[in-house]
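Beneath this line is the structure, given in structure tokens, with notes to follow.
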Amino acid sequence: MLSPLLSRHPRARGRAGGRLRRVPRAVVTGAFALTLSVAASGCTTPTVPQTTTGPLEVRIAAGLSLPDGVAERFEQQTGMSLSVDDSHSADDLAAHLHDGDADLVLGVSAANSSGIDGDAGLVSYVSPRAGDGAADFALDRSDRLTAVSYDLVCALVDGSAVAASGRPAPTSLHDVVAQSDRLVMPDPASDSSGLVALAAVDRQSSGTDQLTDSLRQLGQAQIEPTEAQALQASAMGGGDRPVVFASAMRAVDIFPQGNIDAVTSTCTPRVRYAAIVAGSAHVNESRKLVDLLLDDGVQSDIARSWSALPVQRNASVPQQYQRFVDGYAATASGADLAVLQQQLPALLDAWQQQTPAVRPR
């Protein structure tokens, strides 16, 4: 029997809607919560002998890359080179986050796995720079993941396509779900943006019947394997459906001339984290790399190269993203992935039960 998986959570109920100071205060836990977590959980320490011989092995989610100059600055600071592997998806990295064959994992999010904040296999670390913004995104139960960026996954409307259709644009998540025949979304089973869409629907469901009905209605959506394919299949990319669930930042980067707006009450922050693996032989150097990733200049570079927003308050936000930040109070879904991550598998199962015939083309 289905129940709204997130809306019953007391923390989530207190965070409906929200605002940004440039990060989503509606969904963050705050530096104080991080401090409590560190004190309560103790520390996971390295499990292998440490060495100053490199390189430092970094696994970064496919599609992401370290900004130019980071490897050089790191080597100047530590005398150690970096070896970067970008051959694994964020979902794969999250599933094997605690494996000991890398020093640092970069780019996983709370939407990638139900256990990324687990204690085993990761090293505790709170960067001295985290208080300048990253700590606002700390997970409640863990001091082992450091936020490095975030984006906003929303129901996005191609205004030009809507105008040409002669039908009104959706003005709420309820409208988006009720008009799923106009919607393209990434497959929740293979892309975190799809899971974020389900989280938003769950958050705004008032009971079992409404959630069941909403998931069933999503069966009319056009499902694509990835966010990139969903964007290209939408009206923005020449398709016939004017609404798509995707990162607002990525959409405006791919379609810079597009008439793109976020639908009210549909946006959910997706935070990407760095984690130091307990099996690392270079824990001290890994900590220095985390510190470097939180440098304001590097944060600004990450925002531009990752189609993301910086977590540090003094880092610059790319101009094309600013309107989504400024409008966040109206567009926030209220969903908190840090709360929901333990329940995402059940929500995915519920969606698949209601839409058994829905599969990517």
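The values are calculated or read from the model by the stated rules, or taken from the named source; none is laboratory data. None of the values given here were measured: they were computed from a predicted structure. Neighbour counts run over all protein chains shown; Cβ positions are idealised from the backbone, glycine included. In case anyone asks, the SASA skips ligands and DNA or RNA and just uses the protein heavy atoms, side chains included. Shrake-Rupley method; radii C 1.70, N 1.55, O 1.52, S 1.80 Å.
Structure summary
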read-out: Condition met for residue 254 (at pLDDT 95 or above and surrounded by 22 or more Cβ atoms within 10 Å (Cβ to Cβ)); value: no
read-out: Wholly within region 271-361, helices (runs of 4 or more DSSP H) carrying at least 3 residues that are farther than 19 Å from residue 149 by Cα; value: 283-293, 328-331, 344-354
read-out: Those residues of region 215-235 which are open to solvent by 30 Å² or more (accessible area, probe 1.4 Å) and within 22 Å of the chain's Cα centre (by Cα), in sequence order; value: 225, 226, 228, 229, 232
read-out: Count - residues of region 87-106 that are buried (at least 19 other Cβ atoms within 10 Å of the Cβ) and assigned to a helix (DSSP H, G or I); value: 4
read-out: Inter-residue pairs, beta-carbon under 7 Å, first touching a residue at least 24 places away in the same chain (Cβ under 8 Å) and in region 158-178, second among the polar types (S, T, N, Q) and part of a helix (DSSP H, G or I), 6+ apart; value: 177/214; 177/217; 178/217
read-out: Evaluation of residue 80 against (1) surrounded by fewer than 22 Cβ atoms within 10 Å (Cβ to Cβ); (2) at pLDDT below 95 (one fails), failing number; value: (2)
read-out: Of the criteria (1) open to solvent by less than 10 Å² (accessible area, probe 1.4 Å); (2) out of contact with any Pro (no Cβ under 6 Å at 6 or more places or on another chain); (3) of a type in the set (A, V, I, L, M, F, W, C); (4) under 18 Å from residue 231 (Cα atoms), which one residue 176 fails; value: (2)
read-out: Residue selected from region 278-304 under the condition in contact with a Leu (Cβ under 8 Å, 6 or more places away or on another chain) and of a type outside the set (A, V, I, L, M), by the criterion surrounded by the most Cβ atoms within 10 Å (Cβ to Cβ); value: 299
